[in-house]
Amino acid sequence: MYNFNYHRPSSVADAAKLLSSASEGKLLAGGQTLLPTIKQRLNKPSDLIDLGGIKDLNTVKVEGGKVVIGALTRHADVAGSDAVRKAIAALASLAGAIGDPAVRNRGTIGGSLANSDPAADYPAAVLGLGATIHTNSRTIAADDYFKGLFETALNPGEIITAVSFPVPEKAGYAKFPNPASRYAMVGVFVAKGPAGVRVAVTGAGACAFRQKAMEAALAKNWSAAALDGIKTSADELNSDIHGSAEYRAHLIGVMAKRAVAAAG
């Protein structure tokens with residue numbers, strides 16, 4: 001591990017100032033990805049800016065037909081929230097199946113979305129529910145947020161502060177987890193609500209994406225059977241030692257049907 005300057009600001013504004021003045025500053029939320037890469041000397045920040053002291057970022061609220069979750073809210077807190085379970089049970093279920101207990105009790109929703117790991121769970125919920133990402137300077141629609149492998153629409157120095165999810169009429173999530181890491185080899189989130197019918201896929205590509213053919217089919221007939229015969233092209237899907245692109249393409253169909261069944 002390299003030497004770095006450690007900061008623990010008490011406000012988002014102070015964190016933004018520290019980040020802008022650092023030569024190679026990094027924000028620390030849950031640290032589930034950043035700290036291992038620093039230990040492995042794959043990341044060399046000049047300054048580590050710990051957001052853990054900003055209490056306003058650790059909140060869960062239901063207001064105006066939306067579930068609003070602060071960026072520093074841990075996965076375990078989302079999973080255990082009565083408000084989230086009542087409003088969007090599928091979101092609480094998703095959070096409760098992220099990684100293992102150690103990850104769920106440290107990892108945060110904002111950190112997950114800022115990192116945008118291609119196999120992370122939250123991107124499927126954000127895209128599937130048509131959520132909005134709030135930052136210290138603007139709001140970003142889910143459809144505009146995910147850009148590519150570990151790439152998002154965040155600008156340099158921009159800090160996620162919250163995510164707001166419209167409460168759907170129906171929603172469900174199903175994933176095929178890697179048996180070792182519990183990351184999603186393929187995860188599919190389906191929803192029917194204010195943002196229409198949406199089907200979002202994670203784990204299969206460079207970043208989360210929508211499956212438009214499945215959305216069209218479910219808009220006509222909300223049932224698992226409506227997805228019969230709909231295939232996803234394996235072109236540009238991930239292929240590694242855990243599964244080929246063709247295998248992941250097949251899993252998208254299987255997980256989508258399970259998600260619809262879970263949604264009811």
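Throughout, read-outs are computed from the coordinates displayed, never taken from laboratory work. Note that this is a predicted model, so its numbers are computed, not measured. For neighbour counting, all protein chains shown are included, and Cβ atoms are generated from backbone atoms with ideal geometry for every residue, glycine included.
For the chain, averaging the sequence separation of C-alpha pairs within contact (under 8 Å, six or more residues apart) and dividing by the residue count gives a relative contact order of 15 percent.
Structural descriptor for segment 99-159: relative contact order 28 percent, calculated from alpha carbon pairs under 8 angstrom and at least 6 residues apart. Taking a point 7 angstrom from the Cα of Ser23 along the C-beta vector, which residues in segment 39-62 have backbone N less than 15 Å away? Zone members listed by number: 44-48.
Where both partners of a DSSP beta bridge lie in segment 1-151, what percent of those bridges are antiparallel, to the nearest 5? Mind showing how you got there, number by number?
Numbers: 9 of 16 bridges.
Within segment 1-151, antiparallel bridges account for around 55 percent of the total.
How high is the relative contact order of segment 5-49, in percent, counting Cα pairs under 8 Å that sit 6 or more residues apart?
Values: 46 pairs, mean separation 24.4, N = 45.
Contact order relative to length: 54 percent.
What is the magnitude of the charge dipole of segment 3-77 about its Cα centre, with +1 placed on the Cβ of each Lys and Arg, -1 on the Cβ of each Asp and Glu, and no other charges, expressed in debye to the nearest 20?
Details: 10 positive and 7 negative charges, 40 e Å.
In total the dipole reaches around 200 debye.
Projecting the Cα atoms of Pro156, Ser233, Pro168 onto the charge dipole of the chain (Cβ charges, centred on the Cα centre) puts Pro168 farthest toward the positive pole.
What the phi angles of segment 189-200 give under the Karplus curve with 6.51, -1.76 and 1.60, with θ = phi - 60°, is a coupling list of 10, 10, 8, 10, x, x, 8, x, 8, 9, 10, 10 Hz, glycine and proline written as x. Compute the helix-to-body angle for 12-21: its Cα long axis versus the longest principal axis of the chain, expressed 0 to 90° and rounded to tens. On a 0 to 90 degree scale, this one is about 70.
The spacing between segment 51-78 and segment 210-251, judged by their C-alpha centroids, is 32 Å.
Calculated from the structure, Cα extents along the principal axes in Å equals which of [x] 56, 44, 31; [y] 77, 52, 23; [z] 49, 40, 38? It is the one labelled [x]. One chain, two ends: Arg8 and Glu169. Fully extended at 0.36 nm per residue, the span grows by 53.9 nm beyond their Cα-Cα distance. Protection proxy ranking, highest mean first, for peptides 88-97, 55-64, 120-129: 120-129, 88-97, 55-64, where packing is the per-residue count of other beta-carbon atoms within 10 Å, averaged. Annotation: amide H-H contacts under 5 Å for Gly25 (H modelled 1.01 Å from N, sequence separation of 5 or more, or interchain): Ser46, Asp47. Once the Cα-Cα distance is subtracted from the 0.36 nm per residue extended length, the Lys86 to Asn178 segment shows a gain of 30.3 nm.
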